[in-house]
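The values are calculated or read from the model by the stated rules, or taken from the named source; none is laboratory data. In this text the structure is predicted, and so the values were computed from the model without any measurement. FYI the Cβ positions are ideal-geometry reconstructions off the backbone, even for glycines, and counts take in every protein chain you see. For accessibility, only protein heavy atoms count, side chains too; no ligands or nucleic acids. Shrake-Rupley method; radii C 1.70, N 1.55, O 1.52, S 1.80 Å.
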Amino acid sequence: DHRDLHSFPTRRSSDLRALTNKTVHLLQWALKHTEARYIVKVDDDVFLRAKAVLDELETPALAPPLFWGRVSRGSKPERKPKNKYFVSELQYNYSHYPNFIAGNAYVMSRDVSERITAYATKAESGEQPKWLPLEDVQLGLWAFAAGVRLHDDPKHFLCCGDRYPEQASRRAHTPYTT
């Protein structure tokens, strides 16, 4: 009734290659059809504490330009072809990815969304290399190219316990564990 939630028709797919496409189209749709100052993207298995996010967005530390979430540092491309995260050397021929915001949940200010979709449009037209199948890595590449600073926040954004051992150990010591 409030028209503040939009669902895009997509096929349910385990193919990660569709995620970059869906995310770019989500950003383009939001830029075209809303006047939102910020765009929040969360996976369907993520619980968003909306009030906490909105409260933080009112602080000067999170003023635009903003790409806010959990930063992944020092990640290497997966070169084993049978791995679902496989990226060939033809697709990406460097030993490490630039830092990127983990794709499970993040917030982007409108100006950052505009800069990132501008790079995506160049890639679609053939002016830039083709998109990587990993949405968060690809957005990180475009953010890096656009000079966007990533705002890392482990307090509000948790991700991938095996990737971030310091968070996994904190969760392991809750009052509910034995």
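Which one of L158, L134 is within 20 Å of D43 (Cα to Cα), at pLDDT 80 or above and touching a Phe, Trp or Tyr at 6+ places or on another chain (Cβ under 8 Å)?
Checking each option against the conditions leaves just L134.
Please specify each residue of the stretch 55-64 satisfying the condition of being in contact with a Phe, Trp or Tyr (Cβ under 9 Å, 6 or more places away or on another chain) and either among the hydrophobic types (A, V, I, L, M, F, W, C) or in a loop (DSSP other than H, G, I, E, B) (or both).
Hits for the stretch 55-64 are L57, L62, P64.
Out of all the residues in the stretch 7-38, which are farther than 15 Å from P133 by Cα, modelled with pLDDT under 65 and not β-branched (V, I, T)?
Result: F8, P9, R11, R12.
Being basic (K, R) and modelled with pLDDT under 95: is that true of R73 here?
In short, yes.
Do we have any residue at all in the stretch 104-123 that's over 16 Å from L19 (Cβ atoms), among the basic types (K, R) and modelled with pLDDT of 90 or more?
yes
Could you list all residues from the stretch 81-118 that are surrounded by 13 or more Cβ atoms within 10 Å (Cβ to Cβ) and of a type in the set (D, E, K, R)?
Passing the criteria: R110, D111, E114, R115.
Quick check on R73: is it farther than 22 Å from I39 by Cα and open to solvent by 80 Å² or more (accessible area, probe 1.4 Å)?
Yes.
Please state which of the following conditions A61 fails to meet, knowing it meets all the rest: (1) closer than 14 Å to D153 by Cβ; (2) surrounded by 11 or more Cβ atoms within 10 Å (Cβ to Cβ); (3) at pLDDT below 95.
That leaves (2) as the condition not met.
Report, by residue number, each residue of the stretch 128-148 that is among the small types (G, A, S), surrounded by fewer than 23 Cβ atoms within 10 Å (Cβ to Cβ) and in a helix (DSSP H, G or I).
A145, the sole residue that qualifies.
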